[in-house]
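Heads up: the structure comes next, in structure tokens.
The values are calculated or read from the model by the stated rules, or taken from the named source; none is laboratory data. Everything numeric in this text was worked out from a predicted model, so none of it was measured. For neighbour counting, all protein chains shown are included, and Cβ atoms are generated from backbone atoms with ideal geometry for every residue, glycine included.
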Amino acid sequence: MRYFKSWHHLIHGIVLGVVMLLNHGCTVAQNEVTTSGRSIAVNEEPYFIKGICYHPVNIGETLRSFDHLDKDLELMSEAGINTIRVYSPIDDESVLDRIHTKGMKIIMGIGYNEEGRYDIRSGSFVQYVRKYKNHPAILFWELGNEYNYHPEWFEGDITNWYKALTKAIDTIHAIDPRHPVATAHGEIPDSLAMAMIQNIDLWGLNVYRWDQPQTAIKEWLKLSDKPMYFSEVGADSYMKKSVADLSEGVNEKAQARANQTILDSILQDSHNVCGLAVFSFTDGWWKAGNPNQQDVGGWAPNSSGVPYDGAPNEEFWGIVNIERNKKLTYDVLKSRFIKTTIKTKGK
């Protein structure tokens with residue numbers, strides 16, 4: 001043990017120890033995420049996103065709630081899920097801690113206009129990034145979700161979003177060099193988006209092409225040398241009409257069949273993507289009607305590609321229902337995610 005000759009030396013030693021811990025300690029060292037080629041790595045270890053989109057809302061409510069987080073994390077862990085994608089910041093360290101304790105990472109979504117609640121428009125997202133940039137649960141920051149479908153949110157000119165996005169990316173890079181910055185784009189970005197958004201680290205693509213979203217991979221390889229993951233893929237468990245052996249109405253078989261095909265096709269080409277997030281964890285009764293009941297219907301941009309009826313039925317997308325009972329598709333995810341290992345080029 002070091003002997004301190006005076007209180008002055010003791011205080012100096014304590015301060016020095018704190019500085020060393022901050023510079024070399026566990027919090028920082030345990031949470032550095034990098035991109036290379038088509039892949040991402042956490043602390044230099046390859047990381048493949050086996051993800052789920054997560055926006056839990058209780059029956060009768062319209063706002064996100066983490067009342068059932070522990071149960072949800074148990075179900076996710078059992079299914080082999082390692083990454084949770086959320087659509088707006090989580091400003092509760094205990095929630096982040098519980099997710100980290102289960103060995104999972106978070107893709108932290110940040111919106112453009114959330115009335116000043118950690119959004120891009122007000123600039124308050126800067127405060128959030130500074131506050132949580134060293135939390136070990138953070139995988140990367142993700143700005144916006146399918147905003148390219150909504151120029152009406154940006155005075156009818158989507159370039160206003162792209163300008164705001166690139167500025168925000170630069171800001172986060174300056175604050176937090178240890179985590180990449182992504183955006184969740186609707187489908188393959190066009191030439192305008194690619195030309196204007198050059199400082200991004202990786203792209204998330206929400207792709208609904210029936211049960212064949214993997215067809216976007218070849219297009220991406222020709223378009224960009226940056227990493228890409230599927231920020232949304234999946235199917236709902238309600239058929240608006242009968243198709244072949246899939247009957248109209250609630251139909252977990254249709255959802256399970258579609259997700260099996262989707263997962264198998266993407267995972268076969270996993271060396272060219274850095275993962276996927278299935279939409280979504282639980283059914284959302286708040287999305288299409290009365291939040292006290294599960295309603296048929298709902299609308300989403302470019303939703304004609306939803307298998308197998310071309311109708312999104314927004315309240316039926318969970319791999320579990322709102323009471324956390326497993327649907328047939330839960331075991332499809334579990335069987336694929338549990339056995340999935342990271343492939344590298346040529347293997």
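Within the range 273-303, being surrounded by fewer than 15 Cβ atoms within 10 Å (Cβ to Cβ) and in contact with a Phe, Trp or Tyr (Cβ under 8 Å, 6 or more places away or on another chain) holds for ASN292, GLN293, PRO301. It is to be established whether one or more residues within the range 189-206 are touching a Leu at 6+ places or on another chain (Cβ under 7 Å) and assigned to a loop (DSSP other than H, G, I, E, B). Yes: the range 189-206 contains one or more residues that are touching a Leu at 6+ places or on another chain (Cβ under 7 Å) and assigned to a loop (DSSP other than H, G, I, E, B). Scanning the range 211-249 for residues that are of a type in the set (D, E, K, R) and outside any loop (DSSP other than H, G, I, E, B), which turns out nearest to the chain's Cα centre (by Cα)? Out of the qualifying residues, it is GLU232. Criterion first (aromatic (Phe, Trp, Tyr), under 18 Å from VAL278 (Cβ atoms), surrounded by fewer than 22 Cβ atoms within 10 Å (Cβ to Cβ) and in contact (Cβ under 8 Å) with a residue 24 or more places away in the chain) does TYR87 satisfy it? For TYR87, the condition - aromatic (Phe, Trp, Tyr), under 18 Å from VAL278 (Cβ atoms), surrounded by fewer than 22 Cβ atoms within 10 Å (Cβ to Cβ) and in contact (Cβ under 8 Å) with a residue 24 or more places away in the chain - is met. Between TYR128, TYR112, the distinction of being among the hydroxyl-bearing types (Ser, Thr, Tyr), in contact (Cβ under 8 Å) with a residue 24 or more places away in the chain and assigned to a helix (DSSP H, G or I) belongs to TYR128 only. Just one of the listed residues (ILE99, ILE172, ILE90) is hydrophobic (A, V, I, L, M, F, W, C), part of a loop (DSSP other than H, G, I, E, B) and touching a strand residue (DSSP E or B) at 6+ places or on another chain (Cβ under 9 Å), namely ILE90. The sole residue among SER265, SER270, SER242 that is out of contact with any Lys or Arg (no Cβ under 6 Å at 6 or more places or on another chain) and under 26 Å from LEU205 (Cα atoms) is SER265. Do we find a residue being in contact (Cβ under 8 Å) with a residue 40 or more places away in the chain, touching a strand residue (DSSP E or B) at 6+ places or on another chain (Cβ under 7 Å) and closer than 16 Å to ALA254 by Cα anywhere in the range 298-306? No, the conditions are met nowhere in the range 298-306.
Evaluation of GLU248 against the conditions (1) in contact (Cβ under 8 Å) with a residue 12 or more places away in the chain; (2) within 20 Å of TRP317 (Cβ to Cβ) shows that the sole unmet condition is (1).
Contact annotation: residue pairs with Cβ atoms under 7 Å, 6 or more positions apart or on different chains, pairing a residue in the range 62-84 that is more than 21 Å from TRP286 (Cβ to Cβ) and surrounded by 13 or more Cβ atoms within 10 Å (Cβ to Cβ) with a partner that is among the hydroxyl-bearing types (Ser, Thr, Tyr) and modelled with pLDDT of 95 or more, are ALA79/TYR330.
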